[in-house]
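Here's the structure we're looking at; comments come further down.
Read-outs throughout are calculated quantities, based only on the coordinates presented, and are distinct from any laboratory measurement. Note that the structure is predicted; figures quoted are calculated from it, not measured. Every residue, glycine as well, gets a Cβ built from its backbone with ideal geometry; the counts of neighbours run over all protein chains shown.
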Amino acid sequence: MISDLYMDTIDELMEAVDSCKFEDKEEVRTFVCNLTKLVYDYKMMGKLYDFYIQDVEYHKQNRRRIHGVEELVHNVLDLCAEFPDLKADIENVIVYKVDDTFYKIFRRLRYKGTNLGYSKYGPPTGKSLGDNCLNLSLMHLKKVEGQWKFVFEINSDSEGWIKEVETQ
Amino acid sequence: MNISMHISDLIEKRNETGYGNESIAQEVESRKQMEAFVRDCRLELPEEVAELFESYTRIIWQYQCPGIIHKFYSDDTICHGEGGKKSIGSETIVNGTINFLRAFPDRHVNFVDIFVEGNEEDGYSFGQATRFIASNTGFSRYGEPTGKSLSRDGEWCHSICECHLKKVKGRWRVVEEWVVDSQEAIIETMTKDKEEMVEAITGYDQELSEK
């Protein structure tokens with residue numbers, strides 16, 4: 001059953017992110033890929049609460065700012081509702097180790113999906129994002145009170161393209 | 001590395017003072033030191049590459065020397081943008097930069113971060129984020145300057161990019177770049193009222209859908 005396959009994968013990814021030791025760059029790279037898949041492909045956006053500090057400094061494109069992890073989760077919920085078949089295809093992850101308690105990460109991915117849910121532009125259009133929905137993210141991952149957390153992120157969506165796909 | 005430390009000091013000072021707070025002579029002196037660093041840097045370590053590209057970006061944008069784009073960008077450089085936009089070649093990048101500088105001549109580059117992975121043999125990958133601090137005081141494709149600032153209510157327009165740097169025929173080249181910036185906010189800044197902005201953004205969206 002598809003649900004079994006999904007749940008087995010979710011269990012594997014959860015185990016991987018929860019047990020990550022963050023000891024080297026490769027481990028961090030794998031962690032970022034796994035967490036991204038969990039959140040977007042497997043709709044476990046609540047896992048973001050585990051790895052972002054509550055008052056994370058989070059900037060989006062076009063002067064927009066996300067105020068805290070709750071708003072970040074709502075933002076992901078919006079996108080997943082608008083594109084229920086959303087997948088995040090990671091193309092590259094750059095990891096720079098500052099010291100044993102601080103990594104800098106740059107992630108490049110493309111969102112793939114179809115606008116089958118309501119958006120701020122109106123009813124679903126059925127149009128696909130195709131290969132055009134580039135998303136870039138620069139993140140700071142730090143050990144805060146013994147736990148690894150994202151404390152800072154700049155994340156830019158292809159906003160113009162998403163609007164184009166969501167407009168009749 | 002002395003020169004490297006000196007460049008860091010310069011950059012720190014630049015971030016503190018902002019554009020236009022130095023005399024022309026100081027500007028020229030700062031730029032020349034950055035040019036020397038960019039010219040002499042051997043790109044042997046990821047940290048050197050990070051420092052080099054910070055200086056290089058400032059020379060292009062802040063010191064308004066877009067011609068130096070040709071140093072690391074070639075005829076074959078592929079640049080990917082939002083909505084599947086793609087451009088090839090340094091000439092297109094230079095022209096785009098000139099048009100932006102013309103519209104925002106007081107542009108100040110505030111570096112948020114840059115970091116690099118890789119080595120001399122295989123090449124380097126880096127991620128970079130900058131903040132635009134500038135006002136539309138020059139003519140743009142949308143018409144006369146509006147005087148509006150790119151930053152508003154303490155929020156900035158960010159530009160974020162990833163570059164792959166490799167040695168091609170003995171020269172270090174950015175072979176591929178991915179960039180997403182704040183197009184909607186940039187267009188809004190260059191247009192006078194909401195009606196004009198909607199028209200401009202519709203035109204931009206049209207370009208995306210026709211690509």
Hey, if you put +1 on the Cβ of every Lys and Arg and -1 on every Asp and Glu Cβ in the protein assembly as shown, which of B:149, A:7, A:44 ends up farthest toward the positive end of that dipole? B:149
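Which of the three applies to the range A:38-87, rounded, prolate or oblate, going by the alpha-carbon gyration tensor with a ≥ b ≥ c and a/c under 1.5 meaning rounded? All intermediate terms of the calculation are to be shown ahead of the outcome.
On the way: a/c = 2.58, a/b = 1.32, b/c = 1.96.
Oblate.
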Fewest first, what order do A:2, B:160 take by the number of other Cβ atoms within 10 Å? A:2, B:160
Can you list the lysines whose alpha carbon sits under 18 Å from that of residue A:43, skipping same-chain ones fewer than 8 residues off? A:87, A:112
Straight-line reach only, C-alpha to C-alpha below 14 angstrom: list the aspartates and glutamates that residue A:120 could link to, leaving out same-chain residues fewer than 8 apart. A:78, A:82, A:159, A:164, A:166
Looking at the square roots a ≥ b ≥ c of the eigenvalues of the Cα gyration tensor of the range A:1-119, which shape do they give, rounded for a/c under 1.5, prolate if a/b is larger than b/c, or oblate? oblate
Loop sites in the range B:115-166: GluC sites (Glu not before Pro), DSSP, at most 11 other Cβ within 10 Å: B:121
Would you please give the residues with an amide H less than 5 Å from that of residue A:92, counting only those at least 5 places away or on a separate chain, with H modeled from the backbone geometry? A:108
How long is the protein assembly as shown along each principal axis, judged by its Cα atoms, biggest number first, in Å? 70, 52, 41
Filter the trypsin sites (Lys or Arg not before Pro) in the range B:86-175 down to the DSSP loop ones having no more than 12 other Cβ atoms within 10 Å, then list what survives. B:141, B:169
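Using unit Cβ charges (K, R positive; D, E negative) and no other charged atoms, how large, in debye to the nearest 20, is the dipole of the protein assembly as shown about its Cα centre? Could you put the intermediate results ahead of the total?
On the way: 47 positive and 69 negative charges, 191 e Å.
Approximately 920 debye in magnitude.
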By Cβ neighbour count within 10 Å, fewest first, B:114, B:133 rank B:133, B:114
Run lengths n ≥ 4 of DSSP H only: what is the helix-derived mean residue ellipticity at 222 nm for chain A, with -39500 (n - 2.57) per run over all residues, to the nearest 500? -10000 deg cm²/dmol
Given chain A, what percent of its DSSP beta bridges are antiparallel, to the nearest 5? 90 percent
For the range B:106-145, what class follows from the C-alpha gyration tensor (a ≥ b ≥ c being the square roots of its eigenvalues): rounded when a/c is under 1.5, otherwise prolate if a/b is larger than b/c, else oblate? prolate
Of all GluC sites (Glu not before Pro) in the range A:113-168, the ones in DSSP coil with at most 15 other Cβ atoms within 10 Å are A:145
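Could you please rank B:195, B:177, placing first whichever residue has the fewest other Cβ atoms within 10 Å of its Cβ?
B:195, B:177
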Sum of side-chain charges, residue A:71 neighbourhood, beta-carbon under 13 Å (Lys, Arg +1; Asp, Glu -1): -2
Evaluate the distance, in nm, between pseudo-label points positioned 7 Å from the Cα of residue A:144 and of residue A:101 along their respective Cα→Cβ axes. 1.3 nm
Please report Rg over Rh for the range B:57-106, where both radii come from the alpha carbon positions and Rh follows the Kirkwood definition. 0.99
